[in-house]
Amino acid sequence: MKEVHSYWAYLVLAILVFAVINAIIGLTQKKQFTDKDLRIGLFTLIVTHIQLLIGLAWYFMSPWFEALTNDASTVMKTKEVRLLAVEHPSMMIIAIILITIGWSKHKKKTTSEAKFKTFAIFYGLGLVVILSRIPWSNWF
């Protein structure tokens, strides 16, 4: 499960970066918001939600959850363990909430500029949050 979560994360990052760049280009070049842009945003939403489900399944099977439930004070005192047991899961949930809000808000917008701006802001914030709490040492 851990391997699936790790490999799927590469896909999530690639698609999320692509969606943010697409939104910024659409906004700055004043492009028309098309079905292609809608699909990019939707596919990004779906892929991140799948990652959330995989991550939650892995988390509740992981030693980090067990450590947190058995000895929370020790977990919170150790930087590396705290990252995996508390910071990474909570920040990823926040990032996916931001992405979901961006998807929901864009549907209410009527202009292409507003749709691109919404995606750029919320998907971009989600990307920043994700990048801030990836356990990089476990990836390489």
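The values are calculated or read from the model by the stated rules, or taken from the named source; none is laboratory data. These numbers were taken from a predicted model, which means no experiment stands behind them. Glycine also receives a Cβ, built like all others from the backbone with ideal geometry; neighbour counts cover every protein chain displayed.
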Suppose we filter SER6, SER62 for residues that are more than 21 Å from ILE99 (Cα to Cα) and not hydrophobic (A, V, I, L, M, F, W, C); which single one remains?
SER62
Scan (1) among the aromatic types (Phe, Trp, Tyr); (2) exposed (fewer than 14 other Cβ atoms within 10 Å of the Cβ); (3) in contact (Cβ under 8 Å) with a residue 24 or more places away in the chain for the single condition TRP58 breaks and write down its number.
(2)
Keeping to the range 42-100, report how many residues are in a helix (DSSP H, G or I), touching a Lys or Arg at 6+ places or on another chain (Cβ under 9 Å) and of a type in the set (Ser, Thr, Tyr).
1
Any hit, the range 74-87, residues being buried (at least 20 other Cβ atoms within 10 Å of the Cβ) and in contact with a His (Cβ under 6 Å, 6 or more places away or on another chain)
no
Search the range 110-140 for residues being at pLDDT 95 or above, of a type in the set (Gly, Ala, Ser) and closer than 28 Å to VAL81 by Cα, and hand back the single one that is surrounded by the most Cβ atoms within 10 Å (Cβ to Cβ).
GLY126
Could you tell me whether LYS36 is surrounded by 14 or more Cβ atoms within 10 Å (Cβ to Cβ), in a helix (DSSP H, G or I) and among the basic types (Lys, Arg)?
no
